[in-house]
1. Hey, any hits in segment 47-69 for a residue that's closer than 24 Å to Ile99 by Cβ, within 14 Å of the chain's Cα centre (by Cα) and open to solvent by 80 Å² or more (accessible area, probe 1.4 Å)?
2. Could you grab me the full set of residues in segment 1-29 that are more than 17 Å from Thr52 (Cβ to Cβ), among the small types (Gly, Ala, Ser) and touching a Phe, Trp or Tyr at 6+ places or on another chain (Cβ under 8 Å)?
3. Return the total of residues in segment 98-112 being modelled with pLDDT of 75 or more and among the hydroxyl-bearing types (Ser, Thr, Tyr).
4. What number of residues in segment 72-97 are modelled with pLDDT of 85 or more, polar (S, T, N, Q) and exposed (fewer than 10 other Cβ atoms within 10 Å of the Cβ)?
5. With respect to Val7, is the statement that it is open to solvent by less than 70 Å² (accessible area, probe 1.4 Å) and either closer than 20 Å to Val100 by Cβ or touching a Cys at 6+ places or on another chain (Cβ under 9 Å) (or both) true?
Amino acid sequence: MTIINPVMMGERIKKQRKLNGYSREKLAEMADITPRFCYDLELGLKNMSVNTLCKISDSLHVPVDYILFGSVADRNNLKPLISLIETCPQDQLEHLEQIVSHFVQAVQHTKD
């Protein structure tokens, strides 16, 4: 039986929020919750509805599984990345491709 730990969920939400460069207020606005509720979620003090969980997941571009359990059920799910790419202006896609290419090369280099 898998146990859901609200404190760990909150830590993952906070970590992902910061990785996305969002303020707590920005995430709250995107997920249609109050900044105070967002703060309480990040500390594991409050529980959230499935609807709110889905909104936060979409806003942070991570699967619900990640928020709940800290794992990603399907690493091949590129939907969040594709969503981000689709927001890039058409005339900047080549630049984005170069940035991603350099990032992947750097990550692969650190594994060696």
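1. Residues of segment 47-69 closer than 24 Å to Ile99 by Cβ: 58-63, 66.
Pick out the ones that are also within 14 Å of the chain's Cα centre (by Cα) and you get 58-63, 66.
In the following step, the residues that additionally are open to solvent by 80 Å² or more (accessible area, probe 1.4 Å) were identified as 58.
Looking for residues that are closer than 24 Å to Ile99 by Cβ, within 14 Å of the chain's Cα centre (by Cα) and open to solvent by 80 Å² or more (accessible area, probe 1.4 Å), one finds at least one in segment 47-69, hence yes.
2. Of everything in segment 1-29, nothing turns out to be more than 17 Å from Thr52 (Cβ to Cβ), among the small types (Gly, Ala, Ser) and touching a Phe, Trp or Tyr at 6+ places or on another chain (Cβ under 8 Å).
3. Residues meeting the conditions: 1.
4. Adding up the residues that qualify gives 2.
5. Working: open to solvent by less than 70 Å² (accessible area, probe 1.4 Å): yes; either closer than 20 Å to Val100 by Cβ or touching a Cys at 6+ places or on another chain (Cβ under 9 Å) (or both): no.
Against the criterion (open to solvent by less than 70 Å² (accessible area, probe 1.4 Å) and either closer than 20 Å to Val100 by Cβ or touching a Cys at 6+ places or on another chain (Cβ under 9 Å) (or both)), Val7 does not qualify.
Residue-by-condition table, conditions (1) of a type outside the set (Ser, Thr, Tyr); (2) touching a residue at least 12 places away in the same chain (Cβ under 8 Å); (3) at positive phi:
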residue: Gly10; (1), (2), (3): yes, yes, no
residue: Gln16; (1), (2), (3): yes, yes, no
residue: Arg36; (1), (2), (3): yes, no, no
residue: Leu53; (1), (2), (3): yes, yes, no
residue: Leu60; (1), (2), (3): yes, yes, no
residue: Ile67; (1), (2), (3): yes, yes, no
residue: Ser71; (1), (2), (3): no, no, no
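The values are calculated or read from the model by the stated rules, or taken from the named source; none is laboratory data. All values reported here derive from a predicted model rather than from experimental measurement. Glycine also receives a Cβ, built like all others from the backbone with ideal geometry; neighbour counts cover every protein chain displayed. Heavy atoms of the whole protein, side chains included, go into the accessibility calculation; ligands, DNA and RNA do not. Shrake-Rupley method; radii C 1.70, N 1.55, O 1.52, S 1.80 Å.
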